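> First, the structure itself, so that you have it in front of you.
The values are calculated or read from the model by the stated rules, or taken from the named source; none is laboratory data. Values in this document were obtained by computation on a predicted structure and should not be read as measured data. Cβ placement follows ideal geometry from the backbone for every residue including glycine, while neighbour counts extend to all protein chains displayed. The accessibility values were calculated without ligands, DNA or RNA, using every heavy atom of the protein model including side chains. Shrake-Rupley method; radii C 1.70, N 1.55, O 1.52, S 1.80 Å.
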Amino acid sequence: MSLLREIRFTLNGVERRLSVPITMTALAMLRDVLNMTGTKYGCGEGECGACTILVDGQTVNSCIMFAVDCDGREVKTIEGVAADEQWRPLREALVEHGGVQCGFCTPGMVVQASHVLSKNPHADHHAIKRGLEGNLCRCTGYKKIIDAVAAVAGEQEVVP
Amino acid sequence: MSAIERYELPDTVEQAAEILRGGDVTVLAGGTDLMPQMQAGRVAFGKVLMNVRRCAGLAGIAVEAGRIRIGALTTITDLLEHDLIRRHLPVLSDAADKFASGQIRNMGTVGGNICNASPAGDTLVPLLVLDAEVELVSKPDGHLAIRQLPLRDFFSGPGRTARRPDELLTAVLVPMPPPGFRAGFAKLGIRPALDISIVSVAVGGVVADGTIAGARVAFGAVGPRPLRGTGTEAALEGQPLAQALIEAAACTARDEVTPIDDLRATAWYRREMIHSLTKKVLTDVAAA
Ligand SMILES: Cc1cc2nc3c(=O)[nH]c(=O)nc-3n(C[C@H](O)[C@H](O)[C@H](O)COP(=O)(O)OP(=O)(O)OC[C@H]3O[C@@H](n4cnc5c(N)ncnc54)[C@H](O)[C@@H]3O)c2cc1C
Ligand code: FES
Ligand code: FES
């Protein structure tokens, strides 16, 4: 049996407190312990971005993060981003532009895109492409996803 | 499966050094090397896992006595975005820009990149050209002992360094480059993002009236550790940075490296690519 450690953190704004094995990944904690299955397991090696979450406002690959390292921090998953009205236009743009096909990459894509737009609300095509380079999609060919994010960035530009 | 008996979360460097003194400690920073290595069964963890995230004094970038002090916990994203780095050490922010993906850059630290000691580590090659030193802290006999070591003497092989098991890497110290200093970095991967360097090259030096002085060259992924290209440096030193010199230096670079065949590339290909990248970086440095 692996050594357990009690940790406390906020998950999508709610205080959580639980015991996790020291070597467990943050992704396994979210999916298998907390039943938050929005965050996906793609490669398990930091290569595909399906497991992207926000920790203290920075996106990370939860599949290579130690769950114990969530202790004392602010964790936000796709469930939190999806519930945030601020990102409704992003979700709608992805649907409108056909940026979702099988949908497996979508949670990670949305979390990363929200982060890219938070850092750079007027991101152009190039910046969006660079920002999403850690997220693989096997279906769409990326263009539709990038167009969707660009449409949101373009819209935000109109608002002073 | 896990043999870890204790998890530690020190608040200070002193506490961390005390824990390290106890022996058999694995240091955890961003975990982007440790977690995949653990899952692949490629790393044997010590009895103690010590997460240094809360350790005061390991974060931040500041100018200190004519050098830029980059704390061990500085993330690759910090290197990319921090004003001091962009202004004084642009070759380092450029290397950060070519590093993995946004998510990995947010997690991975400079201290982790250095201590992991991959011959392909992307911050290591520019740091070698910048004549960086590492700061190592231990507590051998109840007192904190701090030593500084040139980065070029730090690496001894893949994943092996001069860091003693009781030492914590606290910072990397980079001398403020002299006026007229220019540097460049190039990395070859199969795609721009998320690729380990097949080879990489950094070059630096003071360019005045078209002549290069204090030339520094470093190569990644062509040997068991990232290394300085002393032959290429000698070929460049004090010479006018013209087309003929650039071609000659690129040939010297190709001939002085001794890469191996592995799953990413053959030795022959690596040598040819060292030639191309050295030429490219020197051309950029000459034109800057
Ligand atoms: C998908 C993916 C892509 C990657 N792409 C790149 C890339 O493009 N370029 C590149 O160079 N690397 C790349 N890496 C490797 C890795 O991200 C970097 O080496 C990173 O900088 C490691 O930092 P970390 O904080 O995550 O290290 P950790 O995994 O926490 O630690 C790495 C090693 O250093 C030791 N250590 C860490 N900090 C200290 C300290 N302060 N004192 C003593 N020992 C310490 C640890 O014990 C461990 O042995 C990639 C990794 C992944 C998973
Ligand atoms: S599952 Fe984490 S990056 Fe692929
Ligand atoms: S929609 Fe299927 S992987 Fe992206």
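> Of B:Cys55, A:Cys139, A:Cys102, which has the most accessible area and how do the rest follow, probe 1.4 Å?
A:Cys102, A:Cys139, B:Cys55
> With θ set to phi - 60°, apply the Karplus curve 6.51 cos²θ - 1.76 cosθ + 1.60 along region B:153-166 and write out the HN-Hα couplings as whole Hz, x wherever there is a Gly or Pro.
Along region B:153-166, the couplings run 9, 7, 8, 10, x, x, x, 10, 9, 7, 5, 6, x, 8 Hz.
> Next question. Taking 23 Å as the cut-off for C-alpha to C-alpha distance, list the pairs among A:Lys143/B:Lys187; A:Lys40/A:Lys76; B:Lys47/B:Lys139; A:Lys76/B:Lys187; A:Lys119/A:Lys144; A:Lys40/A:Lys129 that go past it.
With Cα atoms farther than 23 Å apart: A:Lys143/B:Lys187; A:Lys76/B:Lys187.
> Roughly how many debye, to the nearest 20, is the charge dipole of chain B about its Cα centre, given +1 on each Lys and Arg Cβ, -1 on each Asp and Glu Cβ, and no other charges?
Approximately 340 debye in magnitude.
> Could you give the size of the charge dipole of region B:61-175 about its Cα centre, using +1 on the Cβ of each K and R and -1 on the Cβ of each D and E, expressed in debye and rounded to the nearest 20?
My answer is approximately 140 debye.
> For a quick check: with amide H placed at 1.01 Å from N, whose amide H comes under 5 Å from B:Ala72's, ignoring anything fewer than 5 positions away on the same chain?
Excluding prolines and chain starts, which carry no amide H, the hits are B:Ala171, B:Val172.
> Compute for chains A and B the buried accessible surface, both sides summed, probe 1.4 Å, and express it in Å² to the nearest 100.
The summed interface area works out to 2600 Å².
> To continue, here is another question. Output the Cα-based Rg and Dmax of region B:6-51 in Å, rounding Rg to one decimal and Dmax to a whole number.
10.9, 32
> Anyone know which of B:Pro36, B:Pro150, B:Pro259 comes out most mobile in the 10 Å Cα GNM of chain B?
Result for chain B, Cα springs under 10 Å: B:Pro36 fluctuates most.
> Partner chain Cβ atoms within 10 Å, averaged over the residues of A:4-11 - can you pull that number for me?
1
> Something else about it: Round to the nearest 10 and give me the degree value, 0 to 90, for the angle of helix B:243-256's Cα axis relative to the longest principal axis of chain B.
That helix lies at roughly 50 degrees to the long axis.
> Okay, next question. Show me the ranking of peptides B:227-233, B:217-223, A:87-93, A:68-74 by mean Cβ neighbours inside 10 Å, starting with the highest.
Most protected by this proxy first, the peptides run B:217-223, B:227-233, A:68-74, A:87-93.
> Hey, another quick one. For the protein assembly as shown, take the convex hull of the Cα atoms, compute a quarter of its surface area, and give me that in nm², please.
The Cα convex hull of the protein assembly as shown, projected and averaged over all directions, gives 22.7 nm².
> What is the distance in Å between the Cα centres of region A:1-46 and region B:134-212?
34
> If you count only protein heavy atoms with a 1.4 Å probe, what accessible area per residue comes out for the protein assembly as shown, rounded to a whole Å²?
42
> Continuing with the same structure: Can you give the charge dipole size of region B:173-288 about its Cα centre, rounded to the nearest 20 debye, using +1 on the beta carbon of Lys and Arg and -1 on the beta carbon of Asp and Glu?
About 300 debye.
> How high is the relative contact order of region A:84-152? Use alpha-carbon pairs under 8 Å, at least six apart in sequence, and give a whole percent.
Relative contact order for region A:84-152 comes out at 50 percent.
> Return the long-range amide H neighbours of B:Val199 (sequence gap of 5 or more, or a different chain), with a cut-off of under 5 Å between placed amide H atoms.
Hits under the 5 Å cutoff: B:Leu188.
> If you don't mind, there's one more thing I want to ask. Picking from B:Pro175, B:Gln37, B:Ala62, whose Cα lies most toward the positive end of the charge dipole for chain B (charges on Cβ: Lys, Arg +1; Asp, Glu -1)?
Checked the options; the winner is B:Gln37.
> Could you work out [θ]222 nm for chain A from helices alone, using -39500 (n - 2.57) per DSSP H run of at least four and dividing by all its residues? Round to the nearest 500 deg cm²/dmol.
Only helices count here, giving -9500 deg cm²/dmol.
> Would you list the membrane-span-like helices of chain A, meaning whole DSSP H runs whose alpha-carbon atoms span at least 18 Å along their axis and whose mean Kyte-Doolittle value is at least -1.0?
A:106-119, A:143-158
> Are there cysteines in chain A with no other Cys C-beta under 4.7 Å, and if so, which?
A:Cys70, A:Cys102, A:Cys139
> Shifting gears a bit: Please list, ordered by chain and number, the residues whose modelled amide H lies under 5 Å from the amide H of B:Thr12; skip anything fewer than 5 residues away on the same chain.
B:Ala56
> Give the residue from B:Ala249, B:Gly205, B:Ala221 lying farthest towards the positive end of the charge dipole for region B:181-287; charges sit on Cβ (+1 for Lys and Arg, -1 for Asp and Glu) and the dipole is referred to the Cα centre.
Of B:Ala249, B:Gly205, B:Ala221, it is B:Ala221.
> Over what distance in Å are the Cα centres of region B:223-288 and region B:1-73 separated?
When both Cα centres are located, 35 Å separates them.
> Return the ratio Rg/(2.2 N^0.38 Å) for region B:26-116, where Rg is computed over Cα atoms only.
Its radius of gyration relative to the 2.2 N^0.38 Å reference: 1.15.
> Highest GNM mean-square fluctuation, chain B, Cα pairs closer than 10 Å: which of B:Arg105, B:Arg69, B:Arg21?
In this elastic network of chain B, the residue with the biggest mean-square fluctuation among B:Arg105, B:Arg69, B:Arg21 is B:Arg21.
> Further question on the same structure: When the Karplus curve 6.51 cos²θ - 1.76 cosθ + 1.60 is applied with θ = phi - 60°, which whole-Hz ³J(HN,Hα) does each residue of region B:75-80 get, with x for Gly and Pro?
Whole-Hz 3J(HN,Hα) from phi for region B:75-80: 7, 5, 4, 4, 4, 5.
> Could you order the peptides A:8-21, B:161-174 from most to least packed, using the average number of other C-beta atoms within 10 Å per residue?
Averaged packing, sorted descending, gives the order B:161-174, A:8-21.
> What is the Cα radius of gyration of chain B over 2.2 N^0.38 Å, N being its residue count?
Against the empirical 2.2 N^0.38 Å value, I get 1.01 for chain B.
> Rounded to whole Hz and in sequence order, give me ³J(HN,Hα) for region B:212-224 from the Karplus expression 6.51 cos²θ - 1.76 cosθ + 1.60, θ = phi - 60°, writing x for Gly and Pro.
Karplus values, whole Hz, x for Gly and Pro: 9, 10, x, 5, 10, 9, 9, 10, x, 6, 10, x, x.
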